[in-house]
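S.K.: Shown below is the structure under consideration.
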Amino acid sequence: MFFLNNFEVKKMDLKKYIRSIPDYPKKGILFRDITTLIKDKDAFKESIEQLSKILNELEYDKIAAIESRGFIFASALSYKLDKPLVLMRKKNKLPAERYSVDFELEYGSATLEVHKDSIKEGEKIVIIDDLIATGGTAEAAVKLVQKSKGKVSAFVSVINLYDLGGNDLLKKDGHATFSIMQFPGH
């Protein structure tokens, strides 16, 4: 159970649906696999319900999803909450004019992009991803919203790997963060 603006949210224990895989995608990484949550219809439905309760407490115009697993949760939330969906994709996956941000991951580097016409000036955006670890991807998504002249309402993830610092990085920059599950990163 957790509290959001004095609103009590009762939770099904979703942690038991997350598989941990050591040394993936490289040695030293403990990968938190959400496919085991997604394949269980009740657990997936519960995760969307819990995320919806968080989003219902926020003020925003659009939901932005980070490729690829963020798409799964954000598309369901977009449908359920009747909000437009913005896709943030890996380099060269979007066909129209786009903004790009390069960033570092826990296990490499990457580029995240968004179509320039996806976010209008002043629009409030909730960014959704499956997981936040070191915050590199999340920070890139925030920068894409800012390049688009939008405002970040919050960053919402299914899982927060709390000891890897990503949530703290976003909070330090003044961004609200929420997640429905917490795990250590190692």
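None of the figures in this text is laboratory data; all of them are computed from the coordinates on show. Computed from a predicted structure; not experimentally measured. Positions of Cβ are generated from backbone atoms using ideal geometry, with glycine treated the same way; all protein chains shown enter the neighbour counts.
S.K.: Let a ≥ b ≥ c be the square roots of the eigenvalues of the Cα gyration tensor of the range 39-95; is it rounded (a/c under 1.5), or, if not, prolate (a/b larger than b/c) or oblate?
M.R.: Cα axes put the range 39-95 in the oblate bin.
S.K.: Same structure again: Only loop residues by DSSP count here, and only those with at most 10 other Cβ atoms within 10 Å; note down the GluC sites (Glu not before Pro) in the range 113-183 that meet that.
M.R.: E121
S.K.: Using only the Cα atoms of the range 112-161, build the gyration tensor, take square roots of its eigenvalues as a ≥ b ≥ c, and label the shape rounded, prolate or oblate: rounded if a/c is under 1.5, else prolate if a/b is larger than b/c, else oblate.
M.R.: Prolate, because a/c is 1.5 or more and a/b exceeds b/c.
S.K.: Which ³J(HN,Hα) values in Hz, rounded to whole numbers, follow from the phi angles of the range 171-186 under the Karplus curve 6.51 cos²θ - 1.76 cosθ + 1.60, where θ = phi - 60° and Gly and Pro get x?
M.R.: 5, 4, 8, x, 9, 6, 10, 9, 8, 9, 9, 10, 9, x, x, 10
S.K.: While we're on this one: Tabulate in residue order the Karplus-calculated ³J(HN,Hα) for the range 31-43, using 6.51 cos²θ - 1.76 cosθ + 1.60 with θ = phi - 60°, rounded to whole Hz; enter x for Gly and Pro.
M.R.: After applying 6.51 cos²θ - 1.76 cosθ + 1.60, I find 7, 9, 8, 8, 4, 6, 6, 5, 6, 9, 4, 6, 5 Hz.
S.K.: Mean 1/r over all different Cα pairs, inverted: what Kirkwood radius does the range 100-186 give, in Å? Walk me through the numbers before you get to the answer.
M.R.: Numbers: mean 1/r = 0.0767 Å⁻¹.
One decimal place: 13.0 Å for the Kirkwood radius.
S.K.: Over the chain, what relative contact order in percent results from Cα pairs under 8 Å that are six or more residues apart? Show your work: numbers first, answer last.
M.R.: Numbers: 373 pairs, mean separation 32.3, N = 186.
Here the relative contact order equals 17 percent.
S.K.: Moving on to the next point. Under a plain spin-label model, where a point goes 7 Å from the Cα along Cα-to-Cβ, how far apart in nm are K90 and D173?
M.R.: 2.2
S.K.: Can you put I21, I119 in order, fewest other beta carbons within 10 Å first?
M.R.: I21, I119
S.K.: Here is a further query. Once you sort the root eigenvalues of the Cα gyration tensor of the range 42-145 as a ≥ b ≥ c, which label holds: rounded (a/c under 1.5), prolate (a/b larger than b/c) or oblate (the other case)?
M.R.: It is oblate, given that a/c is not under 1.5 and a/b is not larger than b/c.
S.K.: Taking R0 as 30 Å, what's the FRET efficiency between A110 and E59 from their Cβ-Cβ distance, rounded to 0.05?
M.R.: After rounding to 0.05, the efficiency reads 0.50.
S.K.: Most exposed first by the Cβ proxy, i.e. fewest other Cβ within 10 Å, how do R19, R32, R89 rank? Before the final figure, lay out each step's value.
M.R.: Numbers: R19 12, R32 22, R89 18.
Ascending number of Cβ neighbours within 10 Å: R19, R89, R32.
S.K.: If the limit is 21 Å between Cα atoms, which of K15/K39; K83/K171; K83/K124; K83/K116; K16/K80 go over it? Walk me through the numbers before you get to the answer.
M.R.: Working: K15/K39 14 Å; K83/K171 25 Å; K83/K124 12 Å; K83/K116 19 Å; K16/K80 25 Å.
Going by Cα-Cα distance, K83/K171; K16/K80 fall outside the 21 Å limit.
S.K.: Taking only DSSP H segments of four or more residues, each worth -39500 (n - 2.57), what value at 222 nm results for the chain once the sum is divided by all its residues, to the nearest 500 deg cm²/dmol?
M.R.: Counting only the DSSP helices, I get -8000 deg cm²/dmol.
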